[in-house]
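Novice: Have a look at this one before I ask anything.
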C-alpha cells in the first residue's frame with residue numbers, strides 16, 4: 001500500500017527534476033535511484049505485512065495479500081533491472097526524458113493496483129493507469145511516423161476495449177449488485193447463473209484478452225510493438241503485460257473460479273488461437289523486433305494456461321512466468337538496442353565480434369524457447385503442470401507443446417545468425433563494462449530461475 | 001557421491017576447456033578428463049557387482065523432484081561405454097586439428113556430462129533435464145564444425161528431438177501427478193503411478209513417452225533426421241551420436257517406459273516390433289545401394305537399433321539380456337566403424353566407395369582393422385556382435401507374441417542383408433585395384449591405440465562375455481516379468 005503512494009510521489013519528483021535540469025544523464029541517474037527507492041518501499045511493505053491475514057485498506061477497495069506484495073516486489077525488481085539496462089537508450093528517444101521515467105513510474109502504480117484490487121472500480125482504474133502512460137510512451141518518438149501511428153492505434157483500440165470492460169462490469173453489477181470481487185464470488189452460482197452475468201464475464205474476458213494481446217484481440221500488438229521506440233516496447237511487452245495478466249488471473253480465480261466450467265471452453269479456444277497465431281506468424285518475420293512482438297503473443301498464450309487452470313499452482317506459475325519472461329525479454333531487447341540493424345542479418349557474426357553479447361543472447365533465447373536449466377523452462381513447466389493438474393485440458397497441453405516446438409524455429413534463427421553465419425554487425429553504441437556486468441547479471445538470474453525456482457517463490 | 005563426479009568431471013573440465021586458445025592444451029585437458037571419467041565409471045561398474053550405487057539430495061521440493069542418481073547394472077554399463085567411447089574419440093583426435101579447439105572439446109565434454117546424467121538419473125525431471133542438455137552441445141558441434149549442409153540438417157535433428165522431448169515431458173508431468181496426495185518424480189513413484197493407471201490411459205500415455213524415444217533411437221518412420229545428421233556431423237560427433245546418444249532412446253525405453261506403463265506396452269508391442277522390423281529391412285536395403293561410406297554406416301546403425309528395439313518389446317529374459325549386451329557391443333563396433341570411415345576419408349580424400357580400393361596393399365594395418373570391425377558388425381561368431389545378436393534373436397523367438405516366428409525370420413533377413421552391404425564395403429575399400437592415397441600413411445600411433453582398444457574389446461567380449469552378462473543380469477531379469 002505504501003508502494004502505491006510512493007510510486008505516485010516518486011513519479012512527480014522525477015517530473016519536477018525534469019524542470020530543474022536539462023541534463024539527461026543526471027535525470028536518468030536520479031530515476032534509477034528512485035526506482036531502487038521504490039523497490040525498497042515494496043520490500044518494506046512485504047516484510048511488514050503478515051503472511052496470513054490479508055489487509056483491506058481504503059474501505060475494502062483493495063485486498064492486500066502476501067502473494068500480491070511478492071509479485072509487486074519481483075516486478076519492481078525487474079523494473080529496476082530494466083531501467084539500468086535501457087536508461088541510456090531512453091535518453092536517446094526524445095527531449096522529455098524526465099517524463100518517460102515518470103510515466104514508467106506511474107505504470108508501476110497501476111501495476112500495484114492491479115495486483116491488489118478488491119473492487120471492480122479499482123480494476124478499471126488500475127487498467128487505465130497502466131494503459132494511458134503506455135499510449136504516451138508508444139508515441140514518444142514524435143518525429144517518427146511509425147511511432148505516432150503506434151500511439152494512435154494503441155489509444156483507439158485501447159479505449160475501445162476499456163469501453164467493453166466497463167460494459168462488462170456494468171452487466172455484472174446488474175446481476176450481482178456488487179462491485180466487490182469477493183462478494184461477487186459468493187453471489188454468482190454456476191447452476192443459477194444470470195445471463196447478464198455471463199455476458200458480463202465474456203465482455204470482461206474480451207477486454208482483458210485485449211490487454212494481454214491474446215488472439216483474436218491481438219491485432220494491435222505487432223504494429224504497436226514494432227512502431228514504439230524499442231526501450232518502451234521492451235517495457236510494454238513485459239512488465240505491463242505481466243500486470244494485466246495478474247489482474248486477469250486474479251479476477252477469474254477469485255470471482256469466477258467457481259464458474260470455470262462456463263468460461264473454460266471459450267478461454268481455451270482463445271489460448272489455442274493465441275498460441276497458433278503468435279508462433280506461426282513469428283516464423284515469417286524478417287525483423288527480430290517484430291519477431292519478438294509475435295513471440296510476446298505466443299508467450300501470452302502460455303501465460304493464459306495459468307488463467308485456465310483454476311488452482312494454487314497457477315498463481316506460482318504466473319509469477320514465475322512473469323519474472324522469467326520479463327527478464328529474458330528485457331535482456332534480448334537490451335542486446336537488440338546495441339545493434340543498428342534489427343533484422344536477422346543484423347545479428348550475423350555477432351559471436352565473433354562480441355562473444356559475450358552472443359552468449360547472453362543465446363541464454364535468453366533458450367529461456368524463451370523453454371530449454372531446461374533456464375527460467376523459461378521452469379515457467380512453462382509450472383503453467384503446464386497447473387493445467388495438467390486441472391485434468392480435462394490435455395489436448396491443449398499437447399497443442400501448446402507442439403507450438404513450443406515451432407517457437408524453437410524462430411528463436412534459433414537468431415542463434416544460427418550469431419554463431420554460424422559470417423558478417424560484421426554494426427553496433428549502435430559501445431558495450432561498456434557496466435553493460436556487460438548487467439547482462440551477465442540478467443543471465444545469472446535466468447539460470448537461477450531455471451535451477452532453483454523456489455528462490456523466487458519462497459514467500460508464497 | 002562418486003556418481004556425481006561422473007557428471008561433474010566432464011562438466012567442469014568442459015567449461016574450463018572453453019578457455020583454451022591452443023589446440024594442444026584443449027586436447028590434453030579433454031584426454032585427461034575422459035580418462036578420469038572412464039576410471040570412475042569403471043569403479044562404479046565394479047562396485048555394482050555387489051550393490052547398486054546411488055546418490056540423492058534435495059532439489060526442488062515443491063515440485064516433488066530430487067536430484068537423485070542411481071547406477072544399477074544397466075546404468076553403470078552405459079556409463080562405462082560412454083567413458084570408453086569418449087576416451088577413444090579423444091585419443092584418436094590427438095593428431096587432428098580443428099578450428100576453435102577450446103570450444104570443440106569443451107562442447108564434447110559437456111555432451112558427455114549430459115549423457116552421464118541421462119544414464120544415471122533416478123528422477124524423471126532430472127532425466128528430462130539431462131536429456132535436453134545432452135542435445136544442446138551436440139547441436140552446436142554439428143552446426144559449427146559439420147559438413148556443407150550442416151545448418152539445416154542439424155536444425156531438423158534438433159527440432160525432431162525437441163518435439164519428442166516435449167511430448168515426453170507432458171507424459172512425465174501427467175504421471176507425476178497420478179499418485180494420490182503427492183507430486184513425485186522419483187522412479188519408484190513414477191513407476192507405481194504408471195502401473196496403477198487404467199489400461200486405456202496407459203495406451204495413449206505410451207505414445208506420449210515412446211515418440212521421444214523412438215525419434216532418438218531412431219525407429220522407422222521417425223528416423224529421417226538420422227542419415228543426414230550422421231553424414232554432416234564431424235566424425236567425433238557422429239561417434240557420440242551413434243554410439244551413445246541413440247542408446248539414450250533405448251535406455252529410456254527400458255527404464256522409463258517398459259516398467260512404467262506395462263499394460264500400454266503389452267498392447268502396442270506388436271505394432272512397435274513391426275515398425276522396428278520394417279526399419280531393419282528398409283535400412284538394410286538402402287544401405288546396400290549406398291556408395292557413401294558414412295551414409296552406409298548410418299543406415300546399418302538404424303538396422304541394428306531396430307533389432308534391439310524389437311527385442312526390447314519381446315518381453316523375454318533372454319531378449320532383455322541380449323539388449324544389455326548388444327547396447328555395449330554396438331557402441332564399441334560402431335565407434336570402430338566410424339573411426340575407419342574417418343581414416344579412409346582422411347587418407348583418400350573421399351568417402352565414395354567406388355573411388356576406393358587396394359587398402360590391403362597400401363595400408364595393411366588399416367585393412368586388418370577394417371576387416372575385424374566389419375566382421376563384428378555382421379555378428380560373426382567369436383566377435384562381440386555375435387553374442388548380442390544371438391541373444392536378441394533368441395529373445396524375439398521366445399516371445400509370447402503370436403507372430404514371433406515371422407518376426408524372427410524377417411528380422412533375420414537383416415543379418416543377411418547386413419553381411420551383403422558390409423562385405424561389399426570391405427571388398428571395395430580394402431581390396432581390388434589400388435587407388436592413389438592423398439596422404440600416404442598407415443595407422444598413426446594414436447589411431448593404433450584407439451583401434452587396439454576397440455578390437456581387443458571386440459574379441460574379448462566375443463570370447464568371454466561373462467563380465468558383461470553378470471553386470472546386467474539383475475536389471476534384465478527385473479525387466480522381463
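The values are calculated or read from the model by the stated rules, or taken from the named source; none is laboratory data. Predicted model, so just to flag it, every value in this text is computed and none were measured. No Cβ is skipped: glycine too gets one built from the backbone with ideal geometry, and neighbour counts run over all protein chains shown.
Yes/no matrix, rows are residues, columns are (1) touching a helix residue (DSSP H, G or I) at 6+ places or on another chain (Cβ under 8 Å); (2) assigned to a helix (DSSP H, G or I); (3) closer than 30 Å to residue B:91 by Cβ:
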position	(1), (2), (3)
B:411	yes, yes, no
B:425	yes, yes, yes
B:439	yes, no, yes
B:442	yes, no, yes
B:447	yes, yes, yes
B:457	yes, yes, yes
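Novice: From the residues in the range A:339-350 that are outside any loop (DSSP other than H, G, I, E, B) and touching a strand residue (DSSP E or B) at 6+ places or on another chain (Cβ under 9 Å), which one is farthest from the other protein chains (Cβ to nearest Cβ)?
Specialist: Filtering the range A:339-350 for residues that are outside any loop (DSSP other than H, G, I, E, B) and touching a strand residue (DSSP E or B) at 6+ places or on another chain (Cβ under 9 Å), the one farthest from the other protein chains (Cβ to nearest Cβ) comes out as A:339.
Novice: Could I ask something else about it? Can you work out which of the residues in the range B:370-385 that are part of a helix (DSSP H, G or I) and farther than 10 Å from residue B:458 by Cβ is farthest from the chain's Cα centre (by Cα)?
Specialist: If we take residues in the range B:370-385 being part of a helix (DSSP H, G or I) and farther than 10 Å from residue B:458 by Cβ, then B:371 is farthest from the chain's Cα centre (by Cα).
Novice: Now, a different point. Can you tell me which of B:110, B:78, B:120 is in contact with a strand residue (DSSP E or B) (Cβ under 6 Å, 6 or more places away or on another chain), crowded, with 24+ Cβ neighbours inside 10 Å and assigned by TED's automatic domain parsing to the domain that holds residue B:2?
Specialist: Numbers: B:110 fails: in contact with a strand residue (DSSP E or B) (Cβ under 6 Å, 6 or more places away or on another chain); B:78 fails: in contact with a strand residue (DSSP E or B) (Cβ under 6 Å, 6 or more places away or on another chain).
Testing whether each residue is in contact with a strand residue (DSSP E or B) (Cβ under 6 Å, 6 or more places away or on another chain), crowded, with 24+ Cβ neighbours inside 10 Å and assigned by TED's automatic domain parsing to the domain that holds residue B:2 leaves just B:120.
Novice: Can I ask one more? What's the number of the condition residue B:194 fails, among (1) away from chain A (no Cβ under 14 Å); (2) within 18 Å of the chain's Cα centre (by Cα); (3) surrounded by 24 or more Cβ atoms within 10 Å (Cβ to Cβ)?
Specialist: Residue B:194 satisfies all of (1) away from chain A (no Cβ under 14 Å); (2) within 18 Å of the chain's Cα centre (by Cα); (3) surrounded by 24 or more Cβ atoms within 10 Å (Cβ to Cβ) except (2).
Novice: Considering the range A:351-405 alone, what residues qualify as being more than 8 Å from every other protein chain (Cβ to nearest Cβ), under 16 Å from residue B:159 (Cα atoms) and more than 22 Å from the chain's Cα centre (by Cα)?
Specialist: A:399
Novice: Can you confirm whether residue B:390 is closer than 12 Å to residue B:459 by Cα, assigned to a helix (DSSP H, G or I) and in contact (Cβ under 8 Å) with a residue 40 or more places away in the chain? Show your work before the answer.
Specialist: Working: closer than 12 Å to residue B:459 by Cα: no; assigned to a helix (DSSP H, G or I): yes; in contact (Cβ under 8 Å) with a residue 40 or more places away in the chain: yes.
Answer is no for this residue.
Novice: Further question on the same structure: Could you please give the count of residues in the range B:165-197 that are in contact (Cβ under 8 Å) with a residue 40 or more places away in the chain and assigned to a loop (DSSP other than H, G, I, E, B)?
Specialist: The total comes to 5.
Novice: Across the range A:408-432, what is the total count of residues that are more than 10 Å from every other protein chain (Cβ to nearest Cβ) and either closer than 30 Å to residue B:174 by Cβ or under 22 Å from the mean Cα position of the chain (by Cα) (or both)? I'd like the intermediate steps shown before the answer.
Specialist: Going residue by residue through the range A:408-432, those that are more than 10 Å from every other protein chain (Cβ to nearest Cβ) are A:410-411, A:414, A:417-418, A:422-432.
Subsequent filtering for residues that are either closer than 30 Å to residue B:174 by Cβ or under 22 Å from the mean Cα position of the chain (by Cα) (or both) retains A:410-411.
The qualifying residues number 2.
Novice: Kindly provide the set of residues from the range B:206-221 that are within 14 Å of chain A (Cβ to nearest Cβ) and either closer than 29 Å to residue B:148 by Cβ or not in a helix (DSSP H, G or I) (or both), ordered by number.
Specialist: The answer is B:215, and nothing else.
Novice: Run residue A:333 past the list (1) within 14 Å of chain B (Cβ to nearest Cβ); (2) touching a helix residue (DSSP H, G or I) at 6+ places or on another chain (Cβ under 8 Å); (3) assigned to a helix (DSSP H, G or I) and report the number of the one that doesn't hold.
Specialist: With (1) within 14 Å of chain B (Cβ to nearest Cβ); (2) touching a helix residue (DSSP H, G or I) at 6+ places or on another chain (Cβ under 8 Å); (3) assigned to a helix (DSSP H, G or I) applied to residue A:333, the lone miss is (1).
Novice: In the list B:412, B:432, which residue meets the criterion of being surrounded by fewer than 18 Cβ atoms within 10 Å (Cβ to Cβ), at positive phi and at pLDDT below 90?
Specialist: Only one candidate passes the filter, namely B:432.
Novice: Sticking with this structure for a sec: Quick check: anything in the range B:114-122 facing chain A (nearest Cβ under 9 Å) and more than 18 Å from the chain's Cα centre (by Cα)?
Specialist: no
Novice: Is it true that some residue in the range A:128-137 is surrounded by 24 or more Cβ atoms within 10 Å (Cβ to Cβ) and over 22 Å from residue A:204 (Cα atoms)?
Specialist: Yes, the range A:128-137 contains at least one residue that is surrounded by 24 or more Cβ atoms within 10 Å (Cβ to Cβ) and over 22 Å from residue A:204 (Cα atoms).
Novice: Another question, if that's okay. Given the conditions (1) in a helix (DSSP H, G or I); (2) surrounded by fewer than 20 Cβ atoms within 10 Å (Cβ to Cβ); (3) touching a helix residue (DSSP H, G or I) at 6+ places or on another chain (Cβ under 6 Å), report the number of the one that residue A:258 does not fulfil.
Specialist: (3)
Novice: Same structure again: Being closer than 17 Å to residue A:306 by Cα and in contact with a strand residue (DSSP E or B) (Cβ under 9 Å, 6 or more places away or on another chain) narrows it down to one of A:378, A:394, so name that one.
Specialist: A:378
Novice: While we're here: Residue check, residue A:444 against (1) exposed (fewer than 15 other Cβ atoms within 10 Å of the Cβ); (2) part of a helix (DSSP H, G or I); (3) within 14 Å of chain B (Cβ to nearest Cβ), all met but one. Which one?
Specialist: For residue A:444, the exception is condition (3).
Novice: Does any residue of the range B:349-372 turn out to be surrounded by 19 or more Cβ atoms within 10 Å (Cβ to Cβ), modelled with pLDDT under 90, closer than 27 Å to residue B:443 by Cβ and in contact with a strand residue (DSSP E or B) (Cβ under 7 Å, 6 or more places away or on another chain)?
Specialist: yes
Novice: Moving on to the next point. Within the range A:5-110, considering only helices (runs of 4 or more DSSP H) that don't extend past its boundaries, which have at least 3 residues that are farther than 20 Å from residue A:132 by Cβ and touching a helix residue (DSSP H, G or I) at 6+ places or on another chain (Cβ under 8 Å)?
Specialist: Of the helices (runs of 4 or more DSSP H) lying wholly inside the range A:5-110, those with at least 3 residues that are farther than 20 Å from residue A:132 by Cβ and touching a helix residue (DSSP H, G or I) at 6+ places or on another chain (Cβ under 8 Å) span A:24-48, A:66-93.
Novice: Can I ask one more? Of all residues in the range B:123-158 being away from chain A (no Cβ under 11 Å) and not in a helix (DSSP H, G or I), which is modelled with the highest pLDDT?
Specialist: The selected residue is B:123.
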